[in-house]
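Since every read-out is calculated from the coordinates, none of them should be taken as a lab result. Please read these numbers as outputs of a predicted model, since none were measured by experiment. Virtual Cβ from ideal backbone geometry, glycine too; neighbours counted across all protein chains shown.
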Amino acid sequence: MLNTLSPSILYLQDGTCYKGWSFFRLLAHSGEIVFNTGMTGYQEILTDPSYTGQMVVFTYPEIGNTGLNTQDSESTLVHVQALIAKNIASVSSNWRSSLSLKNFLILKRLPHIFGIDTRALAKHIRSQGVMNAVLIYNNPNLNVNSLKFRDINNINFANTVTTKRIYYICQSAVNIMVNSYSSFKYINLSSTLKTYRIVIIDFGVKLNILRKLLNIGCIIFVVPANCSYETILRYKPDGLLLSNGPGNPSVAQYAIDIIKKMVCFSNIPIFGICMGHQLLNLAIGAKTFKLKFGHRGFNHPTGSLQYSEITSQNHGFAVSQDSLLTSDVLNLFKCSSLNLNDLTVSSTLHKNMPIFSVQYHPEACPGPSDSDYLFKIFIQLIDLNMIAN
């Protein structure tokens, strides 16, 4: 692999710039710059579809010292627009490691920059808010005024990362980290006492969500974000899961309309995660707004009254608490927990139906397992719904 370094520069839309290095010469790459406070988990972050269109700043001063392996990716593709770090370890040491982060970046030609003060950059984003940026080779003749910044707020990223075809997986698929979804094996129905048919609307689903559902005896049908109401019902789901995903939820109007139909007519338990949480609340009639610098890390306290959980979060939008208090929404939904850092909505619950959603990631890996029980709650709601019907 290459041992030379290429001078690179990161330009922010407000005119701020940071000079650093890359392992290869960069072309111009643009995206929205955000930061993640996790001390580890860079492999999961790089492969998380929720980061589509974003340049991720790692606030921990050194990443890459445990390398990458064949099991921890959250999808089969790299989704981040660029990686930004203080230092990238040149040598990895871990019993599961099969590739160093340095070699991974070179192999995938993933835009990146290191050697910059990421503490100063994170503080700047906290102060000024997330903004667009351009990462490019540091050419002395570069005309900064010619750079074009990409505004991602009106792009429906869910339609770009969603599956292009319907597929299903089951308990016999022991290893989720495969080269293609077609590698999943079909279920042997005699191998389990009870199975649950779960349809996931894929807005950018993480593989660990699939792992969690498999572990509790589910047959999973994954459908595209633009799937029709009739197609979802064709698979006779016992429950519906709305997955995580990237971008502004309010631009995914088609998905909002389908979810609204599911809520009003299907009588099926629904569980929303992250973007799925936002879309569910939009379908009910609530509103969302863009956070100043988002929630991205593994240590966000969430709870209510005297109870709290430590959660993994990754989102730039949130449900407006005021919109939940309007007369139309208040009769249906209630806020059941808050982010205890800034008191934004962390979870909501339907007052009369088996429908709930969380802004955080109960399937977090790496990250805390405080909220892991929510998948069991989902299954318990399905059992109760079966008894009632």
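Between the beta carbons of Gln128 and Arg234, assuming R0 = 41 Å, the FRET efficiency works out to 0.30 to the nearest 0.05.
Taking Lys and Arg as +1 and Asp and Glu as -1, the other residues whose beta-carbon sits under 14 Å from that of Tyr18 total +2.
Picking from Asn248, Asn143, Asn153, which is most flexible by a Gaussian network model of the chain using Cα springs under 10 Å? Comparing Asn248, Asn143, Asn153 in the GNM, the peak value goes to Asn143.
Ratio of alpha-carbon Rg to the 2.2 N^0.38 Å globular estimate for the stretch 158-388, to two decimals, please. Provide the component values of the computation, followed by the final result.
Numbers: Rg = 16.7 Å, N = 231, 2.2 N^0.38 = 17.4 Å.
Ratio of Rg to 2.2 N^0.38 Å for the stretch 158-388: 0.96.
What number, in percent, do you get for the relative contact order of the stretch 6-146 if the mean sequence gap of Cα pairs under 8 Å and at least 6 apart is divided by its residue count? Provide the component values of the computation, followed by the final result.
On the way: 318 pairs, mean separation 47.2, N = 141.
About 33 percent, as a whole number.
Taking each DSSP H run with n ≥ 4 as -39500 (n - 2.57) and averaging over every residue of the chain yields -5500 deg cm²/dmol at 222 nm.
Reported to the nearest whole Å, the Cα centre-to-centre distance from the stretch 35-51 to the stretch 224-300 is 22. Per residue, the average separation of C-alpha pairs within less than 8 Å and at least 6 apart gives the stretch 68-149 a relative contact order of 28 percent. Note on the stretch 6-146: Cα convex hull, mean projected area over all directions, 7.8 nm². Normalised by the number of residues in the chain, the average gap of Cα pairs under 8 Å and 6 or more apart makes the relative contact order 14 percent. Here Lys287 is the anchor, and the lysines within straight C-alpha reach of less than 16 Å, apart from those fewer than 8 places off in the same chain, are Lys260, Lys334. Ordered by the count of other Cβ atoms within 10 Å of each Cβ, fewest first, Thr348, Thr288, Thr4 give Thr4, Thr288, Thr348. Each peptide in 74-85, 301-312, 20-31 receives the mean, over its residues, of other Cβ atoms within 10 Å, and ordering these scores from highest gives 74-85, 20-31, 301-312.
Solvent-free Debye calculation, one equal scatterer per alpha-carbon of the chain: log10 I(q)/I(0) at 0.10, 0.11, 0.15 Å⁻¹ equals -0.65, -0.78, -1.37. Counted over the chain, the DSSP beta bridges are approximately 60% antiparallel. Using Cβ point charges alone (K and R +1, D and E -1), the dipole size of the stretch 1-137 about the Cα centre works out to roughly 340 debye.
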